[in-house]
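Report on the following structure.
The values are calculated or read from the model by the stated rules, or taken from the named source; none is laboratory data. Keep in mind that what you see is a predicted model, and the values were worked out from it rather than measured. Methodologically, a virtual Cβ is constructed for each residue, glycine included, from the backbone with ideal geometry; neighbour enumeration extends over all protein chains shown. When the accessible area is computed, the model is the full protein with side chains, heavy atoms only, and any ligands, DNA or RNA have been set aside. Shrake-Rupley method; radii C 1.70, N 1.55, O 1.52, S 1.80 Å.
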Amino acid sequence: MSERPTPMRRVAFASCAGTTIEFYDFFIYGTAAALVFPTVFFPALGDSAASVASFATFAVAFIARPLGAIGFGHFGDRLGRKRTLISTLLLMGAATVAIGLLPGAASIGVAAPILLVALRFLQGLAVGGEWAGATLLAAEYAPAHKRGLYGAFPQMGPALAFALSSGTFLLVNRVVGDASPAFLDWGWRLPFIASSLLVAVGLYVRLKVEETPMFQENARTRASTQGPLASALRHQWKEILLGGGSLAMLFAFFYVGTAFLTSYGATTLGLSRPTVLTIGVAAAFVFGSITLLSAVFSDRIGRKKVVLGSCLVAIPWGFALFPILDHGTTAAFAIGLFGTLAIFAISYGPAGAMLPEMFRTEYRYTGAGMAYNLAGVIGGGTAPYLASDFAEAGNTSAIGWMLAVFALGSVVCVLLMPETRHRAMTRQDAEAEILAPVNV
C-alpha cells in the first residue's frame, strides 16, 4: 500500500533545500580553490602552477560524478528516490567537513593534497547522485503541465548555494581581514565546517517527504527487469549521449563563471577579494531568477527551444567575454559574470524537467543522472582547468574559442533531440511514447 502523497509545496521545498546544501558544499570548494588552496596545499609550486594544480583537484569531482550517478542511480531506481537522496546528503556533508579539518601541506606535507583529492572525489560521488534524485522528486510529483515550474526548484539550489558560498567567504573575510594570515590559517575552514549545520536541516526536510507515487507504482516492473544501468545503456544510450552533449555548454559556462572568474578577477584583474565575492552574490540572484523564468517559459513553448536559444547566444558571448573583462573595471567584471551565468541559467531552468522526461521510470534516476553528469565531465570538468592554463599562458582569446566550441557542440546535440514537454512519465504511457516522441 502506497504512502499518502506529500504536498507539492513540501516536495518543492525539500528538492530545493537539498540541492542548495549539496551544491553549497560543492561550491565552497571552488571558491577556496580560487582563493586559498594554491597557498595552503600547493605552496611549493609558485603562484601560477599552484593555481593550475588547485583547479586540477577541482576537476577530480567531475570524474567521480558519473560514478556517483551510476552507483546512486542504481539504488535510486531500486530502493527509492528518498533513501538515496538521504545517503547523498550525508556523504557530501561528511566529505565537506573533513576538508575543513584537513591540515595543510605545511603540517603534513604531500599527504595534504592527496587527502584533498580523495575528499573531493567523495564530493563528486555525492553530487553525481544528488541532482537526478532531486529533480525526479519534483518532476515525478508535479502535474504534467507544470513540470518545468516544479522542476526549477531543485535547479534553484545551485543559485542559492553560490550566493551562500560567496556570502560565507565574504563574511569570514570581513571578520578576519582580507590579507590576514588568519584567513589562510583557519578562516577559510569555517564555511566547510559550518556545512554540518546545513546538512542537519536538509536531513530533517528530506525525512518529511514520502517516496514518489511513480516509483511506488513501478514496483512490479522494477523487480522483473535487468539492472537500471544495463537497461538504460541498452534502450536509451542515445538519450544519455544527446542529453549530456546538450548540457555541456551549460557546465562550461557555469564553472568558468563560478570558479575560474573568481580567481581571474582577484588575481589577473586585481580586484579585491570582497569585491569579487560581492559581485558573485549578486550574480547568483540574477541566474537564480533567470533559471526560474526559463523553466516556466519551457512549459509554454517546450524545453528544446529554450535550451537551443541559450546555446546559440552562448557562441558570440564566448568571444565577447574576455574583451569585456579585460577592461579591468569592477563594472566590466560584473557584466562578464552576469552575462555568463545568465546564459547558463536559460539552459539550466528547463533541464530539471527535460532530462527526467527523457527516460523510463524503471531507470530514470540512472539515465537522467548519467546524462547530466556526462555533461559535467565534458563541460565542467575541463573548462575551468583549460581556462586557467590558457590564462597562465596569457591567451585569453583561446578561452573564448573554447566556450564557443562547447556551445556549438551543444547546439548540434539539441537539434538532434526530441521535444519532451508533452511526454507522459507514467510507466504505461512512457513505454509507448518513448519510442515515438512528440516533436515541435
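Overview of values
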| read-out | value |
| --- | --- |
| Sole residue being farther than 22 Å from Ser310 by Cα and hydrophobic (A, V, I, L, M, F, W, C), chosen from Val276, Val286, Val296, Val256 | Val276 |
| Candidate set: the range 333-387, residues that are open to solvent by 10 Å² or more (accessible area, probe 1.4 Å) and hydroxyl-bearing (Ser, Thr, Tyr); chosen: the one nearest to Gly409 (Cα to Cα) | Thr382 |
| Filter pass, Leu101 being open to solvent by 60 Å² or more (accessible area, probe 1.4 Å), among the aliphatic types (A, V, I, L, M), within 18 Å of Ser195 (Cβ to Cβ) and out of contact with any Ser or Thr (no Cβ under 9 Å at 6 or more places or on another chain) | yes |
| Some residue of the range 266-287 being free of Cβ contacts under 8 Å to residues at least 24 places away in the same chain and either open to solvent by less than 10 Å² (accessible area, probe 1.4 Å) or hydroxyl-bearing (Ser, Thr, Tyr) (or both) | no |
| Every pair of residues 6+ apart whose Cβ atoms lie under 7 Å, when the first sits in the range 226-240 and is at negative phi and open to solvent by 30 Å² or more (accessible area, probe 1.4 Å) while the second is modelled with pLDDT of 90 or more and polar (S, T, N, Q) | Leu229/Thr366 |
